[in-house]
Amino acid sequence: MATRPIFVPNQIGTPGAAEMPIEFKWHPGMAKSQKQKSITELHASAQLLGYDRLLEISSKSEVELGVKLSAFNLLITTKKNNKIFTVETAFQGSKVFVRGGPYKDLFGLDSLAAKKDMRLKNSGSLKRFEFFGVTFPLEPRTFFYDWIYINALVQNEPLADAVKDFDGFTDIEFNPKKSINCQAHSVALYVSLVKFNLLDEALLSPENFLRILISHYERQNRNIVIQGSLV
């Protein structure tokens, strides 16, 4: 057995996403077929709790929409320079460390190569993110990833429209005990912002985005700050 979260968009109260841990039968192994068996089990367990319309967002998804929404595949285009790259390369290429970065040459690589670049492991502690002249703090810890992912999603209108009617989202590769950022979480945030009619306002600036979602980040364990303030 294993436990993984489903992310359910908030539709009442304040914008955000609930992280619901679900226990299910795990199928070990690295093969895609094994991952898909685990996805089926996860969704079946969640459906017993009333979450019928679920979408797996990863390269292991059995649904084409879910594969296209993987951060390894979802493309973002910069407004000023018309540069095109994946969310994953945007995220990795924006990291600034104590001894280097941002490594902007990663923007020209494929997602897997960018993620595995050894400089990301050998440059000391992560200090911040810098994305085309805009600086993002490390806290809340998923802030920058969510911002980049949702901006990319709205640029891909057919994909953005297709996710609006799902009850929740999963990513079988995401283990909250080992990872922080999650594409399924970002999609759930997007849907919640749409439901609250706050998407356009949130995307006016990173500051607006953080202000609108600050209550969500303060409630989310992976974004809790040990010292200092969120804003």
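The values are calculated or read from the model by the stated rules, or taken from the named source; none is laboratory data. Just so we're clear, the structure is a prediction, and the values are computed from it rather than from any experiment. Positions of Cβ are generated from backbone atoms using ideal geometry, with glycine treated the same way; all protein chains shown enter the neighbour counts.
Overview of values
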item: Whichever residue in the stretch 51-81 is within 17 Å of Tyr190 (Cα to Cα) and charged (D, E, K, R) and, among such residues, is surrounded by the most Cβ atoms within 10 Å (Cβ to Cβ); result: Glu56
item: One residue from Pro21, Pro102, Pro28, Pro15 being under 19 Å from the mean Cα position of the chain (by Cα) and either free of Cβ contacts under 8 Å to residues at least 40 places away in the same chain or part of a strand (DSSP E or B) (or both); result: Pro21
item: Tally of residues being more than 13 Å from the chain's Cα centre (by Cα) and not charged (D, E, K, R) across the stretch 67-88; result: 9
item: Which listed residue is buried (at least 23 other Cβ atoms within 10 Å of the Cβ) and modelled with pLDDT of 95 or more, from Thr135, Thr170; result: Thr170
item: Residues (assigned to a loop (DSSP other than H, G, I, E, B), among the charged types (D, E, K, R) and at pLDDT 95 or above) located in the stretch 41-61; result: Arg53, Lys60
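Yes/no per residue for (1) within 14 Å of the chain's Cα centre (by Cα); (2) over 15 Å from Val87 (Cα atoms); (3) β-branched (Val, Ile, Thr); (4) part of a loop (DSSP other than H, G, I, E, B):
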{"residue": "Ala113", "(1), (2), (3), (4)": "no, no, no, no"}
{"residue": "Lys127", "(1), (2), (3), (4)": "no, yes, no, no"}
{"residue": "Thr135", "(1), (2), (3), (4)": "no, yes, yes, no"}
{"residue": "Phe174", "(1), (2), (3), (4)": "yes, yes, no, yes"}
{"residue": "Lys177", "(1), (2), (3), (4)": "no, yes, no, yes"}
{"residue": "Asn181", "(1), (2), (3), (4)": "yes, no, no, yes"}
